[in-house]
1. What accessible area per residue comes out for the chain, rounded to a whole number of Å², with a 1.4 Å probe?
2. For the range 71-183, give the percent of accessible area contributed by carbon and sulfur heavy atoms, probe 1.4 Å, rounded to a whole number.
3. How high is the FRET efficiency from MET12 to VAL41, r the C-beta distance, R0 35 Å, rounded to 0.05?
4. On the full set of protein chains, 1.4 Å probe, figure out the accessible area of GLU132 and give it in Å² to the nearest 10.
5. For ARG123 and ILE93 in the same chain, what is the full-extension length gain: residue separation times 0.36 nm, less their Cα-Cα distance, in nm?
6. Zone of LYS182 (label point 7 Å along Cα→Cβ, backbone N under 15 Å): which residues in the range 125-167?
7. Note down the relative contact order for the chain as a percent, whole number, built from C-alpha pairs under 8 angstrom at least six residues apart.
8. To make sure I understand the rule: partners must be aspartates and glutamates, Cα under 17 Å from the Cα of LYS183, and not fewer than 8 residues away in the same chain. Which ones qualify?
Amino acid sequence: LTPSVAVGMHLMTLVALLFRVSEESNRYRQLVDSAEDSLLVLDTGGRIWEANPAAERLLGSWKSGDSFFDRISPDCRVRGVAHLEDDRSGRRIEIKIPTPQGELVYESLAVNLPNDRVSLTLRDISARRSMEAGMLHSARMETVGSLASGIAHDFNNTMTALLGQVGILQIQGDDSKRGSLKKMEA
């Protein structure tokens, strides 16, 4: 091959490689942008560097370097710091994020990235927690109902025996005690 042909082939290979990288980058961006979960890239200090559209809807306006910890509930900040600084990949915690609709509960999944960065995936689990709380309340009410039913049944058995005895005493009849027995029966 002549040098100019070899350079041309290398140039075509380079162009094809760049085109493929561009396609892969576009597919990755579409995947991230279409995700319903909030995807963030933070540093271990909690500063936000990247966010997908779902995260932007959750966090509102932000700029690179803003603190993620300013966006979460104050009672979750200590756990949030430990969550980002932990070196185990795939760790999960629940955090609360104040929103105009109220404080929502999110499951946070952190995965370590190179250069002291952390990929954070936030999934809204507020509806699931609310449903679990409703089911727990329902189970408690069922338990209270069963307990009350048992007590009422036992009390009814005792009252039946007492009323039977009052009836027998009325039949055996001592007129002086009949008024008291009628009050007992009532």
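The values are calculated or read from the model by the stated rules, or taken from the named source; none is laboratory data. The structure presented is a predicted model; accordingly, all values stated were derived computationally and were not measured. Ideal geometry is used to build each Cβ from the backbone, glycine not excepted, and the neighbour counts take in all protein chains shown. For accessibility, only protein heavy atoms count, side chains too; no ligands or nucleic acids. Shrake-Rupley method; radii C 1.70, N 1.55, O 1.52, S 1.80 Å.
1. Working: 13150 Å² over 186 residues.
Computed with neighbouring chains in place, this is 71 Å² per residue.
2. Numbers: 4600 of 7910 Å².
Roughly 58 percent, rounded to a whole number.
3. Working from the Cβ atoms, E equals 0.50.
4. Only protein atoms counted, so the area is about 80 Å².
5. Numbers: separation 30, 0.36 × 30 = 10.80 nm, distance 1.08 nm.
Extra length from ARG123 to ILE93 when fully extended: 9.7 nm.
6. Residues 167 fall inside that zone.
7. The value is 14 percent.
8. ASP174, ASP175
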